[in-house]
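Have a look at the structure below, then the notes.
The values are calculated or read from the model by the stated rules, or taken from the named source; none is laboratory data. Just so it is clear, the structure is predicted and the values come from calculations on it, not from any experiment. Here Cβ is always computed from backbone atoms with ideal geometry, including for glycine, and neighbour counts include all displayed protein chains. The protein model used for the area step is the full one, side chains on, heavy atoms only, and it has no ligands, DNA or RNA in it. Shrake-Rupley method; radii C 1.70, N 1.55, O 1.52, S 1.80 Å.
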Amino acid sequence: MSRGAAMLIMGVFTLYFLTPIWWLLVSSSKTGGDITGTAPLWFTADSIPTFFANLGNLFTYSDGVFGRWLANSALYAGLGALVGTVIAAMCGYALAKYEFRGREAIFNVVLSGVLVPATALALPLFLIFSQVKLTNTLWAVFLPSLVSPFGVYLARIYAAASVPTELLEAARLDGSSEARTFFTVSTRLMAPALVTIFLFQFVAIWNNFFLPLIMLRDQALFPVTLGLYAWNSQISQIPELRVLVIVGALVSILPLIATFLGLQRFWSSGLGAGSVK
Amino acid sequence: MRVRYGKATAAFAIVSALSLAGCSSGESTSATQDTNSCKPSSGPVELSFTTWVPGMDKVVDLWNKDHPDIKVKVQTGPNGNSGTYQNFFNQLQAGNAPDLGQIEYDALPNFRVQDGLENLAACEGVADAKDKFVDWTWGQVTFGEDKSVYAIPQDSGPMAMFYRADLFKEAGIKVPTTWDEYAAAAEQIKARGSYITNFPRGDVNWFAGNVWQAGGQWFSNANDKWEVNLTGKESEKVANYWQKLLDKGQVSTLPSFSDEWNASFNKGQQWTWVSAVWGASTLASGAPDTAGKWAVAPMPQWEAGGKAAGNWGGSSTAVLKGSKHPYEASKFALWLNTDPEALALANKLGGLYPAAKSAKDLGAFSGGVDYFGGQKIYEVFAEASSNVNPDFTWGPTMTKTYTDVSDGFGKATGGNGTLLDALKNGQQKTIEALKSQSIPVKE
C-alpha cells in the first residue's frame, strides 16, 4: 500500500474517533436551546462566555455535588489503581519467580478471572457486602477495584522476561530479604509493566459504572460516571440538566487524557524496549 | 455445615450469603403476615428514603426540622427503570431495602407480586387519607383490594393537548376537540409542510395513556389470576388510528426528548403534543423560541362532547418490605404527599404535580403561565385529572411489556408491520413473561 493511502485511512479513522469528542467540546459551549438549534459541529458567537457559564453551573448545581463526584472518582481510580497495581505486581512476580506446588493451578484460576465480566460479579458481591454491612460505603466500590486478574497475568509474563533469576540470587547472597529485593530491585525492572497495569486499572475503575450503580445509594459517594448517569436519567423532568451532563462528560474525560499523556512516556518506551536487541 | 478445605472458603462465603439472604427475606414476610398491625416504635427512629426527584432532600429537610424523633435520610439514584427498581429488588433480596422508596404506578404491581411492599392499611391515618387523593391514584396504590394500601400517591400525569395557538389561528384551522377533527387537522397541517405531532415510538406508556382514555384495560387481576389484554377493542381502535396517521406520513417519528425532537418543536414543525402535565416544563425548556405561542386544551375525544382523559406517568411513596418502622414511615409518606408546604416545594424543585386533591389550591397551580400566553393551564389539568378512569391496572412485568411493544412500534414506524402487530406480539410475550415468573395467568 502506498504511503498516501495509509495516511488517508489513518486520517479517516482519526476523524471517526475524534468527531464525538469534538462534538462534546462544541456542545459544551452552547446553551440548552442552542444545542438543538445551531450547527452541531461548530461554535456559536458567544461560545467562550457560555462555556464558562456552563462550567460554573456544573460546579455549583445541587451544592456543587459534581466536584464531589470528581474527587470520588479520583480516589477510587487513583488509589484503587495504585494499590491494585502493587497487589497484581506482587502476585505476578511471585508466580513468575518462585516455584511452589499449585503454582500453575493458581495462575490458571487467576487467568480465568479475566474471562468473567465484572458485571456478572456485581450482584453476588452486593449480596455478600450486604451481609457484612458494607453496601453504600466507600469500601463497596474500592475493595473490588483492587482486583486485576489481567494485571497479574501481565506482571507474571513481564517479571519472567525482565527480572533475571541470577540477579535475585546475587541479592540473596548479599543478604537482602525477599521483600526488599522485590521493592528495590524487581519493581524497577518491571516498571514499564507496572505503568501499563496502573493505566489499565485507572481507566477501568474510572469508567466503572455498574458496580457503583448497584452498591451506592448516597450521592455523596457516587463516582462521576454514576452521577452523570443519574442526571441524564432525569433530563425529561429537569431539561436544563442536559447541558450539565454534556459539560460534565467533557470534564470527566480530562483526567483520563491527562493520565494517558502523563504516563505515555513510560508506557510506549517500555513496551518497545528490547524488541530489536 | 463444616468446610474442610481452606480453598473452599470463598465458595462457602458466597453460598451462605445467598442462603442467609433467602432466610431473612422469608422471615420478614411471615412476621408481617402474622401481626398485620402497625404500631409506633419506642424511641427516636431514622428512616431511609430513596427517590430520584431532584430537590427532594430540601423537602425532607422541612420534615426533619419539625420531627426530631423521626429523622429521614434521603438517598438517590437514577430514574426507576434506569436502575433504581433493580436496586430495590436486589436490596429486598439482601434484606436491606430502604424504609421508603419512590415507585411509579406502573411498577407498583411488580413490587406487589414479588412481595416487596408493606401493607399500610392498618397504620394510623392511612385508610382515612383516601379522600385526600385523586380517586384514580388511590386505586393505583390499593389495587382495588379491601384493607390494603401499599403506597401513598405522590404525583400524577393527567394528559391534555398542548397546541400552537398562533399557528392554528393563522392557518384558520379549528383546534381539534375530537380525534376525528385531529386527523382532519393533521392532513391540513401536513399540506403546509409541518406535522400535527410526533408519534413517540419508544414511549409505550404514552400509548397506554391513550388506551386508558379510550376506556381500555391492559391488565386485570381477578381471583388471583392476571388477565392480559393488550389487544382489546379500545387498544385496537387507538392503534389503528395512529397507524393511519403514520401510513399517511402525517406524524413524525423522532425519538422523544431527543435533540432533534426538541428542535422540531422549537422550529415550529410540531403543532400539538398530547402529553402529561409535566410536559409543560419539557416544552418550555426544549422549545424556548416558541414561548407565548402555546396553549392547552383537553385531550381530543373519541365521542364529541366527551370528557375522558388519560394519564402518563406519576409515582407513589411506598414502604418497602422489611422496614422496621412502617408506622413512622407511613406518617412521613402522608406528610410528604399532603402537606401544602411540602407539595409546593416538591413542585418548585422537582416539577411534581401532586396526586393530592388540594393541589388546585396551591399558589403554584393557580396563576397564569407566561409560556402559555398567560393561560391558567393547571385548571385544564386539574379537570383532566378528575376525568381519568379510576380502574386502570398495570401489569406486574411492565418493563418487559414496554420493551417488547416498543420494539414492535419501532419496526412499525419503520414501515415493517403495524402498531397492532406490536401489541399482539407484546400480548404473547407478556403472557410468557408472567408464566416464566410463575405468576398465574388467565388465558
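So here's what we get for this one:
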read-out: A:ASP63 being under 30 Å from B:GLY268 (Cβ atoms), of a type in the set (Asp, Glu) and more than 26 Å from the chain's Cα centre (by Cα); value: no
read-out: Residues of the stretch B:261-281 that turn out to be open to solvent by 10 Å² or more (accessible area, probe 1.4 Å), under 25 Å from the mean Cα position of the chain (by Cα) and not hydrophobic (A, V, I, L, M, F, W, C), as a count; value: 2
read-out: Residue count for the stretch A:1-49, restricted to those that are at pLDDT 85 or above, open to solvent by 50 Å² or more (accessible area, probe 1.4 Å) and among the polar types (S, T, N, Q); value: 3
read-out: Looking only at the stretch B:337-377, and only at residues there that are within 14 Å of another protein chain (Cβ to nearest Cβ) and in a helix (DSSP H, G or I), the one that is surrounded by the most Cβ atoms within 10 Å (Cβ to Cβ); value: B:ALA346
read-out: Residues (out of contact with any Ser or Thr (no Cβ under 7 Å at 6 or more places or on another chain) and at negative phi) located in the stretch B:405-419; value: B:VAL405, B:SER406, B:ASP407, B:GLY408, B:PHE409, B:GLY410, B:LYS411, B:GLY414, B:ASN416, B:THR418, B:LEU419
read-out: Matching option when the condition is small (Gly, Ala, Ser) and touching a helix residue (DSSP H, G or I) at 6+ places or on another chain (Cβ under 9 Å), among B:ALA346, B:ALA333; value: B:ALA346
read-out: One residue from A:VAL114, A:VAL83 being in contact (Cβ under 8 Å) with a residue 24 or more places away in the chain, in contact with a helix residue (DSSP H, G or I) (Cβ under 8 Å, 6 or more places away or on another chain) and more than 14 Å from every other protein chain (Cβ to nearest Cβ); value: A:VAL114
read-out: Output for the stretch A:137-163, where each listed residue is under 10 Å from A:ALA193 (Cα atoms), over 16 Å from the mean Cα position of the chain (by Cα) and surrounded by 22 or more Cβ atoms within 10 Å (Cβ to Cβ); value: A:ALA155, A:ARG156, A:TYR158, A:ALA159
read-out: B:ALA31 more than 14 Å from every other protein chain (Cβ to nearest Cβ) and either modelled with pLDDT under 95 or open to solvent by less than 40 Å² (accessible area, probe 1.4 Å) (or both); value: yes
read-out: Residue ranges of helices (runs of 4 or more DSSP H) in the stretch B:156-242 with at least 3 members touching a residue at least 12 places away in the same chain (Cβ under 8 Å) and within 30 Å of B:GLU145 (Cα to Cα); value: B:204-213
read-out: First in the stretch B:342-355 and farther than 15 Å from B:ASP61 by Cα, second anywhere and among the hydroxyl-bearing types (Ser, Thr, Tyr) and part of a helix (DSSP H, G or I), Cβ under 7 Å, 6 or more apart; value: B:GLY351/B:SER281; B:ALA355/B:THR137
read-out: Number of positions in the stretch A:213-241 that are open to solvent by less than 40 Å² (accessible area, probe 1.4 Å), under 22 Å from A:ASP34 (Cβ atoms) and assigned to a helix (DSSP H, G or I); value: 3
read-out: Exclusive hit being of a type outside the set (S, T, N, Q), open to solvent by 50 Å² or more (accessible area, probe 1.4 Å), within 14 Å of chain B (Cβ to nearest Cβ) and touching a residue at least 40 places away in the same chain (Cβ under 8 Å), set A:PHE266, A:PHE200, A:PHE210; value: A:PHE210
read-out: Qualifying positions in the stretch A:86-111 - under 24 Å from the mean Cα position of the chain (by Cα) and within 14 Å of another protein chain (Cβ to nearest Cβ); value: A:VAL109, A:VAL110
read-out: Selected residue [surrounded by fewer than 23 Cβ atoms within 10 Å (Cβ to Cβ), out of contact with any strand residue (DSSP E or B) (no Cβ under 7 Å at 6 or more places or on another chain) and over 30 Å from A:PHE210 (Cα atoms)] from B:ASN119, B:ASN81, B:ASN96, B:ASN90; value: B:ASN119
read-out: Hey, B:ALA318 assigned to a strand (DSSP E or B), more than 14 Å from chain A (Cβ to nearest Cβ) and at pLDDT 95 or above or not; value: yes
read-out: Residues of the stretch B:407-425 that turn out to be open to solvent by 30 Å² or more (accessible area, probe 1.4 Å) and under 21 Å from the mean Cα position of the chain (by Cα), as a count; value: 1
read-out: Some residue of the stretch B:126-148 being within 14 Å of another protein chain (Cβ to nearest Cβ) and closer than 30 Å to B:ALA287 by Cβ; value: no
read-out: Residue within the stretch B:256-279 that is within 27 Å of B:THR430 (Cβ to Cβ), of a type in the set (S, T, N, Q) and not in a loop (DSSP other than H, G, I, E, B) present; value: yes
read-out: Subset of the stretch B:243-255 that is in a loop (DSSP other than H, G, I, E, B) and under 16 Å from B:ASP203 (Cα atoms) - its residue that is least open to solvent (accessible area, probe 1.4 Å); value: B:VAL251
read-out: Conditions (1) farther than 24 Å from A:ASN72 by Cα; (2) open to solvent by less than 40 Å² (accessible area, probe 1.4 Å); (3) polar (S, T, N, Q); number of the one not met by A:THR184; value: (2)
read-out: Any hit, the stretch B:165-174, residues being buried (at least 22 other Cβ atoms within 10 Å of the Cβ) and at pLDDT 95 or above; value: no
read-out: Selection count, the stretch B:280-315, where residues are assigned to a loop (DSSP other than H, G, I, E, B) and within 30 Å of B:GLY116 (Cβ to Cβ); value: 1
read-out: Test: residue in the stretch A:126-137 that is more than 14 Å from chain B (Cβ to nearest Cβ) and either β-branched (Val, Ile, Thr) or on the phi > 0 side of the Ramachandran plot (or both); value: no
read-out: The stretch B:49-94, residues that are within 7 Å of chain A (Cβ to nearest Cβ) and in a loop (DSSP other than H, G, I, E, B); value: B:TRP52, B:PRO54, B:THR76, B:GLY77, B:PRO78, B:ASN79, B:GLY83
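Residue by residue, here is whether (1) over 25 Å from B:SER386 (Cβ atoms); (2) away from every other protein chain (no Cβ under 14 Å) holds:
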{"position": "B:GLU236", "(1), (2)": "yes, yes"}
{"position": "B:LEU246", "(1), (2)": "yes, yes"}
{"position": "B:VAL251", "(1), (2)": "yes, yes"}
{"position": "B:ALA280", "(1), (2)": "no, no"}
{"position": "B:SER285", "(1), (2)": "yes, no"}
{"position": "B:ASP289", "(1), (2)": "yes, no"}
{"position": "B:GLY292", "(1), (2)": "yes, yes"}
{"position": "B:MET299", "(1), (2)": "no, yes"}
{"position": "B:ALA304", "(1), (2)": "no, yes"}
